[in-house]
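S.K.: Structure in structure tokens, see below.
Each reported figure results from applying straightforward, stated rules to the coordinates on display, with no laboratory input. Predicted, not measured: the structure shown is a model, and the values here were computed from it. Note that we place each Cβ from the backbone using ideal geometry, even for glycine, and neighbour counts take in every protein chain shown.
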Amino acid sequence: MSKVSGKVAVVTGAGSGIGRQLAAELARRGARLAVSDVDEAGLAATVEEVKALGAEVHAAPLDVADRAAVLAHAAAVATHFGVVHQVYNNAGVAGGGRSVLDSDWAAYERTITVDLFGVIHGTKAFLPHLIASGDGHVVNVSSLNGIMAQPALSDYCAAKFGVRGFTEALRGELLAAGHPVRVSVVHPGGVRTNIATAALAHARGQGADVTARDEARTRLYNEKLLTMPADRAARIIVAGVEANRPRILVGNDARSADLLVRWLPRWYPRLTARLERRLSAAT
Ligand SMILES: NC(=O)c1ccc[n+]([C@@H]2O[C@H](COP(=O)([O-])OP(=O)(O)OC[C@H]3O[C@@H](n4cnc5c(N)ncnc54)[C@H](O)[C@@H]3O)[C@@H](O)[C@H]2O)c1
């Protein structure tokens, strides 16, 4: 029997991509689910999917950037189920895709608020409930870009390196205090989801100047880099949680990046600069 069977698992950003597939994978393994997303239509589709898999599900619209809303959500989920065992802080957005020189402040604020503060909000809000469960697990989704920095992704790298640092500090604290809560940080490589397309749609919605080059870059990401099926990524993540892995690397690209930054710490920026030049030349 799966170790998550019967557990109450919270998944943020469950209306699409990795979050939806995490919810489905957890449902298949017998978990009870609390799913949320800022996108209510996407969330409704996930609820249908996990109900069809036989899961008991609590669903709520939630913006993880809204601290008060996340605290209220944690209280509501704990009241609904009486216990909370696992939180998957998964909700996130792609970065702005501009250099530091060209990025506007709004891009930094949005990416860091959603991708880093969203994770901090979810962790702090649910942690007392996870401790009370006697068998808790915090699962924070970082990225390959929480291990290896890349040009034109400084906002995303700042947030995702932040998720890694926050999560590793938390692990040490919980070990020192002897709390019954395990901690994993997840570093996915490229996964086939809506993340890059959603970033472009958001930029358009904000009235930003979306160029043909931005569109070509998004297409290139979707076709060449974001390739692992999201259900496969979810299986790797949940298996890593069941095995209590502190770091869960998803995909050969994430594993290679991890080795690259260890073996060539001084040289890897030259390699990422070369990649950036190639990406720029191709778009
Ligand atoms: N797809 C990849 O290649 C990849 C690689 C590394 C890390 N990740 C990370 O995986 C996580 C999931 O991304 P995905 O690829 O499934 O993208 P996705 O766009 O398919 O799904 C992200 C979900 O998060 C939701 N969301 C966005 N902002 C939110 C907010 N403020 N509050 C609540 N929900 C919000 C979106 O509505 C969407 O349903 C993100 O943290 C992302 O950074 C993805």
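S.K.: Divide by every residue of the chain the summed helix terms, -39500 (n - 2.57) for each DSSP H run of at least 4, and state the resulting mean residue ellipticity at 222 nm, rounded to the nearest 500 deg cm²/dmol.
M.R.: Taken over the chain, the calculation gives -16500 deg cm²/dmol.
S.K.: Taking the Cβ of Ala281 as the center, what net charge do the other residues with Cβ under 12 Å away carry, scoring Lys and Arg +1 and Asp and Glu -1?
M.R.: +4
S.K.: Moving on to the next point. Which residue fluctuates most in the GNM of the chain (Cα springs below 10 Å): Ala94, Ala169, Ala24?
M.R.: Result for the chain, Cα springs under 10 Å: Ala169 fluctuates most.
S.K.: With the crude spin-label approximation of a point 7 Å out along Cα→Cβ, what separation in nm comes out for Glu48 versus Arg67?
M.R.: 3.8
S.K.: Roughly how many nanometres apart are two label points built 7 Å out from the Cα toward the Cβ at Ala212 and Ala273?
M.R.: Label at Ala212, label at Ala273, 3.0 nm between them.
S.K.: Count the net charge of all other residues whose Cβ sits under 14 Å from the Cβ of Leu71, scoring Lys and Arg as +1 and Asp and Glu as -1.
M.R.: Net charge in that neighbourhood comes out at 0.
S.K.: Using every alpha carbon pair in segment 8-282, what percent of pairs falls into each 10 Å bin from 0 up to the bin containing the largest distance?
M.R.: Bins of 10 Å from zero give 7, 30, 37, 19, 6, 0 percent of pairs.
S.K.: Taking the Cβ of Asn145 as the centre, find all other residues whose Cβ is under 14 Å away and add up their charges (Lys, Arg: +1; Asp, Glu: -1).
M.R.: -3
S.K.: Separate question: Convert each backbone phi in segment 223-236 into a coupling constant with the Karplus relation 6.51 cos²θ - 1.76 cosθ + 1.60 (shift: θ = phi - 60°), then list the ³J(HN,Hα) values in order as whole Hz, x for Gly and Pro.
M.R.: 3J(HN,Hα) across segment 223-236, in whole Hz: 7, 10, 10, 8, 10, 6, x, 5, 5, 5, 4, 5, 5, 5.
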